[in-house]
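Worksheet: one structure, shown below.
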Amino acid sequence: MINCYFAGAKGAFRAVGFMFSSIHCGMLRYTYWLCCLLCGLVSGPVSWAQGLITTESISTTAVCPNGTFDVPFVTTGAFNSSNTFMVQVAAEGGSFATIPTGTPTLIQTNRVVTSWRVTATVPASTTAGAYRVRVTSSNPASIGSASPSTLAVGAVSAPPTVERTRVDFCQNGPSQPLQATGVGLKWYEPSGVVSTTAPSPPTQNATQKPEGDTYYVSQTEPNGCESQRVAIQVFVQAVPTLSISGSTAVNLGVEVPLALSFTGNGPYQFRLSNGLSGTATKDTTIVVLPEQTTTYQVVEVSNRCGAGSPGSNASATVTVNVPTITTLALTSTSLCAGTNLSARFLSNGSFTQGSSFRLQVAGVVADSARAVFVELPSTYDGDGLVTGRLPDTLRSGPYWVRVVATNPKVPVRGSLSPTTVTIRALPTATLTGNQQIFEGQPASFSITFTGEGPWTFTYRDTAATRPPVTVTTGTNPYVVNVAPIRTAVFRLDSVSNGCGKGPQRSANILTITVQPVLSLEERPLLESVDVFPIPATTSLTVRINGQTLAQPAVIDLLDLNGRPVLQRKISQATAVLDLGGNPPGLYILRVRVGERTAARRIVTQ
């Protein structure tokens, strides 16, 4: 219903209603006077009581998600200034929903109707299918008629397959087309060029952006819409340069950071003049600890595109303030191990906080560079005097002495004292002579000393009741003669010299094993055995007199340690033993007949 208002004789307005189809309304917009005639007006103002919207046919009937299309529409009546026109779409059997709508463009207007055109965007999430289209308003809230046209929304194609989303080239090196798998491929270059042919990125200039140059590719399947774009990052790498910075001055023992700055793309391999080498993926910092003033220079730098060159700052210099220590002459030239050694020194320069002073000694050798210094437990009096205790285990001989500063991380080694100190070692003693003897046989053992003599030592037989024996001697080694009647264990209790008592060794013992002569209990057999000649030379005759040899006799020739050197079995009263293969000396001849045994000592020449 359209209400037309006109003024009466007294200025009152009357409403006359007319019903029009959309076709009639379309005609009315072109003829204002016709509208007035239909409303029964001869002259005067015409107004519409309610804003009406007619959605007309759209020219674009097929579109893809994210695509745009224009919607023409006609309005009649009044709309408030805050009004907004919106495009709505609805799938078959579905409800209308508002989609993104631009600002309408005024096409034509008169006092009755106004023509518009507005651009709408199909949301990316829109499902493929046929949609009805209409225009609505917000103020007044008015719903327009549906467009006679149907909008077909196509299906979005799947993205193409890209195996490598990052592609690297070397500057001025060969290029090759980017690769993707799909149909209806479309390529988008950073320059804005769009093409269906895969581009070959230029390599004349190195990539400047950290993220590289971005190329995109999409595909459009048959009867489908263009897919989402897949990004391919392209990097054109230049051969690298390496700059180094961080020049400074520090005290010895202070670590210094040096900044390494690269150009080109990583990873990088580098080597500096101090021998330091490594791999980095970006600018980095290294820490150095020079022991003297050092200049660090770039020697090598490379990446996958080849060897580069030093950058604008090719070196950094760290100036090291190295303090010095001068060890002065000693007041003592001869000391015993285990006593205190003191030395004075002079120093110059600054030491790192936490540094302390220590004494070191080393045996004098032909090449001082090969000397092995031992640090002594030391104390410092704060006035140039350091005192340390010499180890008990130092060997006798001349020693170098120097003062050092611990200076955290890099010790400061002082000069050698002009005085060479002679160390007199504490003594040690070692027992040797474990052995086996026969009963009544004498024995001896040796004691070997270290350190300076004379030596005083104490030993004892742990199996005897007599007190320990103390001996002072200058002979090295010293031989102790004993005649034990049974197995004895001898132990060295102590040893000392002019420097004091030496260290105790718990394992300083030896054993002399005494074996009995079994034949002494068999007098009848012993008296029946004759042995000649004595001393023997190459042969020895054994005769058993007055004995009936009901069973064989066994003759053994043993050395003084009880080891057999010859054995014979005889069934007759006389036997001749061949001694040609045995050295001259003292032997034990043992004769066994059944359970009876006889033994005699013999001498061979």
Open item on the list: Name the single residue that is surrounded by the most Cβ atoms within 10 Å (Cβ to Cβ) among those in the stretch 556-605 being touching a Leu at 6+ places or on another chain (Cβ under 8 Å) and part of a loop (DSSP other than H, G, I, E, B).
Closed with: 579
Open item on the list: So in the stretch 349-366, with the set limited to residues that are part of a strand (DSSP E or B) and out of contact with any Pro (no Cβ under 8 Å at 6 or more places or on another chain), which one is surrounded by the most Cβ atoms within 10 Å (Cβ to Cβ)?
Closed with: 359
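When you scan the stretch 237-334 for strands (runs of 3 or more DSSP E) that lie fully inside it, which ones turn up with 3 or more residues that are farther than 30 Å from residue 208 by Cβ? Give the steps one after another, and end with the answer.
Numbers: elements: 241-245, 248-251, 256-262, 268-272, 277-280, 284-288, 294-303, 315-321, 324-327.
Where strands (runs of 3 or more DSSP E) fall fully within the stretch 237-334 and carry at least 3 residues being farther than 30 Å from residue 208 by Cβ, they are 248-251, 315-321, 324-327.
Give the number of residues within the stretch 438-467 that are at pLDDT 85 or above and surrounded by 14 or more Cβ atoms within 10 Å (Cβ to Cβ). Spell out the reasoning first.
Kept after step one, since they are at pLDDT 85 or above, are these residues of the stretch 438-467: 442-461, 467.
Now drop any that are not surrounded by 14 or more Cβ atoms within 10 Å (Cβ to Cβ), which leaves 443, 445-447, 449-461.
Number satisfying all stated conditions: 17.
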TODO: Provide a single number: the residues in the stretch 56-83 that are part of a loop (DSSP other than H, G, I, E, B), at pLDDT 95 or above and touching a Leu at 6+ places or on another chain (Cβ under 8 Å).
DONE: 1
TODO: Given the conditions (1) farther than 25 Å from residue 498 by Cα; (2) hydrophobic (A, V, I, L, M, F, W, C); (3) in contact with a Cys (Cβ under 8 Å, 6 or more places away or on another chain), report the number of the one that residue 336 does not fulfil.
DONE: (1)
Open item on the list: Taking the conditions exactly as written (buried (at least 18 other Cβ atoms within 10 Å of the Cβ), over 43 Å from the mean Cα position of the chain (by Cα) and at pLDDT 95 or above), does residue 227 satisfy them or not?
Closed with: no
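If you check 448, 422, which single one turns out to be free of Cβ contacts under 8 Å to residues at least 60 places away in the same chain and either hydroxyl-bearing (Ser, Thr, Tyr) or under 30 Å from residue 563 (Cα atoms) (or both)?
On the way: 422 fails: free of Cβ contacts under 8 Å to residues at least 60 places away in the same chain.
Step by step, each of 448, 422 is checked, and only 448 is free of Cβ contacts under 8 Å to residues at least 60 places away in the same chain and either hydroxyl-bearing (Ser, Thr, Tyr) or under 30 Å from residue 563 (Cα atoms) (or both).
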- [ ] Could you identify the single residue in 212, 253 that is modelled with pLDDT under 95, crowded, with 17+ Cβ neighbours inside 10 Å and either touching an Asp or Glu at 6+ places or on another chain (Cβ under 8 Å) or within 30 Å of residue 323 (Cβ to Cβ) (or both)?
- [x] 253
- [ ] Would you mind finding the one in 460, 491, 466, 486 that is outside the structural domain of residue 558 (by TED's automatic domain parsing), under 60 Å from the mean Cα position of the chain (by Cα) and basic (Lys, Arg)?
- [x] 491
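Which residue is nearest to the chain's Cα centre (by Cα), if the candidates are limited to the stretch 395-416 and must be closer than 17 Å to residue 344 by Cα and basic (Lys, Arg)?
Ranking the qualifying residues of the stretch 395-416, first place goes to 413.
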TODO: Sort out which residues of the stretch 327-338 are farther than 12 Å from residue 385 by Cα and surrounded by 15 or more Cβ atoms within 10 Å (Cβ to Cβ), and write them in order of number.
DONE: 335, 336, 337, 338
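Count, please, the residues in the stretch 274-292 that happen to be more than 14 Å from residue 246 (Cβ to Cβ) and exposed (fewer than 13 other Cβ atoms within 10 Å of the Cβ).
If we filter the stretch 274-292 for residues that are more than 14 Å from residue 246 (Cβ to Cβ), which is where we start, we get 275, 277-282, 291-292.
Next cut, exposed (fewer than 13 other Cβ atoms within 10 Å of the Cβ) only: 275, 277-279, 281-282, 292.
Matching residues across the stretch 274-292 total 7.
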Task: the stretch 438-457, subset of a type in the set (Val, Ile, Thr) and either in a loop (DSSP other than H, G, I, E, B) or closer than 30 Å to residue 559 by Cβ (or both), residue farthest from the chain's Cα centre (by Cα) - done: 447
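The values are calculated or read from the model by the stated rules, or taken from the named source; none is laboratory data. Keep in mind it's a predicted model, so treat the numbers as computed, not measured. For neighbour counting, all protein chains shown are included, and Cβ atoms are generated from backbone atoms with ideal geometry for every residue, glycine included.
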